[in-house]
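To start, the structure itself, in structure tokens.
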2 protein chains.
Amino acid sequence: MSMRTHWEGDAFDPECPTRIVLDRVGDKWTVLIVDVLDGGPKRFNEIRLAIGGITPKVLTSTLRSLVADGLVDREVFAEVPPRVEYSLTDLGRSLQEPVAALRRWAEANVAAITGNRDRHAEAGQADRA
Amino acid sequence: MSMRTHWEGDAFDPECPTRIVLDRVGDKWTVLIVDVLDGGPKRFNEIRLAIGGITPKVLTSTLRSLVADGLVDREVFAEVPPRVEYSLTDLGRSLQEPVAALRRWAEANVAAITGNRDRHAEAGQADRA
DNA sequence: CCGTATCCCTCCCGATACTG
DNA sequence: CAGTATCGGGAGGGATACGG
């Protein structure tokens, strides 16, 4: 068993770090949840209402996977009524940096992309006419 | 019709820039293709062989969408046999920066994530036992 | 060489209803 | 409050074979 400090090619390998992180961060709700939790610990329904449009089932499963990956902590308080708090781990917080970089690029360039998309779609229409 | 220079909330909106870019870059082959093309213009089968494991159909559709988004250029040469070259646009090249940031984070932290995943899976086994 | 055309299958996600 | 149970649609992607 060898320890590897750097990734050498094989980018299509399912174990490629970039692939794993892209799958993790590319799903529909992860970035939103991490963003909400960046404002401090939150309870289940706080997160749900802060995001809006997410069903309990999906929020549960996404939170579970985030906990499994060590990006989020889940703490249960023995109270009545029951209280559960979710918070970012250091690892989860550190993820905000590259995501912010992507966000900046997105805000700067999304207009170009959608513009190209629309123009391309129009061209397709014209071809059929 | 108003022009917006900055994104204000509504992150769950399908038009959220980060969402759009995440969908674009999060698909299975985009990053690999852009990476290959970063080494200079390439022909269809060059890309296909460089990546490996991608079927012609999927490569075609991914390339088409990249062209539609203005990240890749497609140039046809009127030769026999026919030659088609794909290359990155400036926009496509600029995408490499945030992707590189994500890649660096991935290489630095993927071991932690997969370690957490494995430990979590084992714990699940133990619970059932 | 550069793709298209079909078929199919899996996984993500959503709607709805219910529970400790 | 904090979830679970069940059902199902739809998009992305793969296998295989064929066309310009």
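Descriptive notes on the structure:
- B:Arg64 vs. criteria within 14 Å of B:Val36 (Cβ to Cβ) and at pLDDT 95 or above: no
- Entry remark, segment A:54-78: residues being more than 12 Å from chain B (Cβ to nearest Cβ), open to solvent by 40 Å² or more (accessible area, probe 1.4 Å) and closer than 18 Å to B:Gly115 by Cα number 0 in total.
- Number of residues in segment B:76-129 that are outside any helix (DSSP H, G or I) and touching a Pro at 6+ places or on another chain (Cβ under 8 Å): the value is 4.
- For B:Arg48, the conditions (1) open to solvent by 40 Å² or more (accessible area, probe 1.4 Å); (2) in contact with a His (Cβ under 9 Å, 6 or more places away or on another chain) all hold with the exception of (2).
- Among (1) touching a Lys or Arg at 6+ places or on another chain (Cβ under 8 Å); (2) within 11 Å of DNA strand C (Cβ to nearest atom) - the single one A:Asp23 does not satisfy: (1)
- Of residues in segment B:79-121 being within 21 Å of the chain's Cα centre (by Cα) and among the hydroxyl-bearing types (Ser, Thr, Tyr), the one nearest to A:Gly26 (Cα to Cα): B:Ser94
- Residues in segment A:24-53 that are farther than 28 Å from B:Arg103 by Cβ and more than 8 Å from chain B (Cβ to nearest Cβ): A:Gly40, A:Pro41, A:Lys42, A:Arg43, A:Phe44, A:Asn45, A:Glu46, A:Ile47, A:Arg48, A:Leu49, A:Ala50.
The values are calculated or read from the model by the stated rules, or taken from the named source; none is laboratory data. Quick caveat: nothing in here was measured; it's all calculated off a predicted structure. Glycine gets a Cβ as well: all are built from the backbone with ideal geometry, and neighbour counts include every protein chain shown. When the accessible area is computed, the model is the full protein with side chains, heavy atoms only, and any ligands, DNA or RNA have been set aside. Shrake-Rupley method; radii C 1.70, N 1.55, O 1.52, S 1.80 Å.
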